[in-house]
Every structure is written in structure tokens, then in C-alpha cells.
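The values are calculated or read from the model by the stated rules, or taken from the named source; none is laboratory data. Computed from a predicted structure; not experimentally measured. All Cβ positions, even for glycine, are placed from backbone atoms using ideal geometry, and neighbour counts span all protein chains on display. SASA here: full protein model, heavy atoms, side chains in, ligands and nucleic acids out. Shrake-Rupley method; radii C 1.70, N 1.55, O 1.52, S 1.80 Å.
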Amino acid sequence: MFQGASAINLDAKGRMSIPAKHRDALAVQCEGRMTLTKHPHGCLLFFPRPVWEQHREQIATWPMSARAWQRIFLGNACDVELDSAGRVLISPELRAAVGLEKEVMMLGMGTHFEIWDAAKLAESEAEAVAGGMPDVLSNFSF
């Protein structure tokens with residue numbers, strides 16, 4: 001289970017260093033092979049390759065009425081690998097699609113990660129809090 005937030009700076013080439021706490025798990029789980037794709041909420045989804053392959057198979061079976069959503073997820077998917085310094089290269093197309101500049105946040109979401117522009121994530125979280133808790137969570141408590 002991947003969890004927690006990590007503040008990361010992209011280098012000039014668009015490479016992102018994977019935090020050490022996740023690097024070892026990714027090396028074991030998927031031999032450093034991962035997949036990035038775009039999410040319509042304005043972030044990137046970052047999957048260990050075996051997890052992505054399960055999602056990819058499901059997405060590929062969606063009906064024609066979901067073709068636009070297939071394009072978003074499958075059409076933007078990009079396979080990446082950890083380099084010897086524990087970094088992955090985020091393509092210019094994916095960086096531009098979600099507005100990744102320098103300061104990014106990597107959020108562990110259980111089986112995968114979300115990668116956000118740090119300012120965009122803060123704005124999105126503030127909007128969510130201002131909108132109140134959705135009804136579906138009305139019985140949730142810590």
C-alpha cells in the first residue's frame with residue numbers, strides 16, 4: 001500500500017526522483033517499471049506496471065460510448081522505468097497536459113500514486129474542503 005505525500009522538485013529535464021520510502025517497494029513489486037497517464041482531474045496517475053496492466057485490460061473493454069475516456073487514459077499512457085539514480089522521466093506532453101512545472105506532490109493512493117503540480121493540489125484541496133463533505137461520507141468518522 002502506497003500512502004503519504006512527498007514534495008518533489010522536477011529537474012530541468014523533467015525527471016522526478018522517487019522518494020526512497022517508495023523506491024525499494026517499486027523495485028520489488030515491478031522491477032522499477034511503471035506507467036504514467038493523465039487523469040481528468042488535472043493530475044497524473046503513476047502505476048506499478050502490473051497494476052496498470054490490470055486497469056489497461058479493463059479500459060480496453062469499455063464500450064464505444066466511453067471512447068473519449070479510453071483516449072484520456074490509454075491514449076496518454078507512457079511506460080517509464082527507474083533510472084540508476086531512482087528517477088523517472090515525465091514526458092513533456094504529460095507535464096504540459098497537467099501543468100507540471102517544478103514543484104510537484106506525489107501522493108500515495110494505495111495501489112498507485114497521483115502526481116500533482118503543488119499549487120494546483122493545494123487549490124483543489126481547498127475547493128474540496130470549501131464544498132463540504134459529500135453525502136456519501138456522512139457516516140465516516142475517525
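For residue 31, neighbours were defined as the other residues whose beta-carbon sits under 15 Å from its Cβ, and their charges (Lys and Arg +1, Asp and Glu -1) total -2.
Specify whether the C-alpha gyration tensor of region 34-137 places it in the rounded, prolate or oblate class, a ≥ b ≥ c being the square roots of the eigenvalues: rounded for a/c under 1.5, otherwise prolate if a/b is larger than b/c and oblate if not. Spell out each step's value before the answer.
Details: a/c = 1.67, a/b = 1.10, b/c = 1.53.
Oblate.
Distances between placed amide hydrogens fall under 5 Å for residue 35 paired with 47, 49, 80, all partners being 5 or more residues away or on another chain.
Sum up the charges of everything whose Cβ sits under 13 Å from the Cβ of residue 100, counting Lys and Arg as +1 and Asp and Glu as -1, but leave residue 100 out. Write out the running numbers ahead of the final one.
On the way: positive: 13, 15, 38, 95, 102, 120; negative: 11, 93, 101, 103, 114, 117.
Combined, the nearby Lys, Arg, Asp and Glu give 0.
With θ taken as phi - 60° and the Karplus curve 6.51 cos²θ - 1.76 cosθ + 1.60 applied, the whole-hertz 3J(HN,Hα) list for region 72-79 is 4, 7, 7, x, 9, 5, 9, 6 Hz, x standing for glycine and proline.
Over the chain, with the other protein chains present, what is the accessible area per residue in square angstrom, probe 1.4 angstrom?
Accessible area per residue: 60 Å².
Phi angles of region 106-114 translate, via the Karplus equation with coefficients 6.51, -1.76, 1.60 and θ = phi - 60°, into HN-Hα couplings of 10, 10, x, 10, x, 8, 8, 10, 10 Hz per residue; Gly and Pro are given as x. The phi torsions of region 24-38, fed into the Karplus equation with coefficients 6.51, -1.76 and 1.60 and a -60° offset, translate into couplings of 5, 4, 5, 5, 6, 5, 9, 6, x, 9, 9, 9, 10, 8, 7 Hz, rounded to whole numbers, with Gly and Pro shown as x. Under 5 Å between amide hydrogens, built in the peptide plane, is the criterion, and for residue 111 it picks out 2 among residues at least 5 positions away or on other chains.
The fraction of accessible area contributed by carbon and sulfur in the chain is 54 percent, rounded to a whole number (1.4 Å probe; ligands and nucleic acids excluded).
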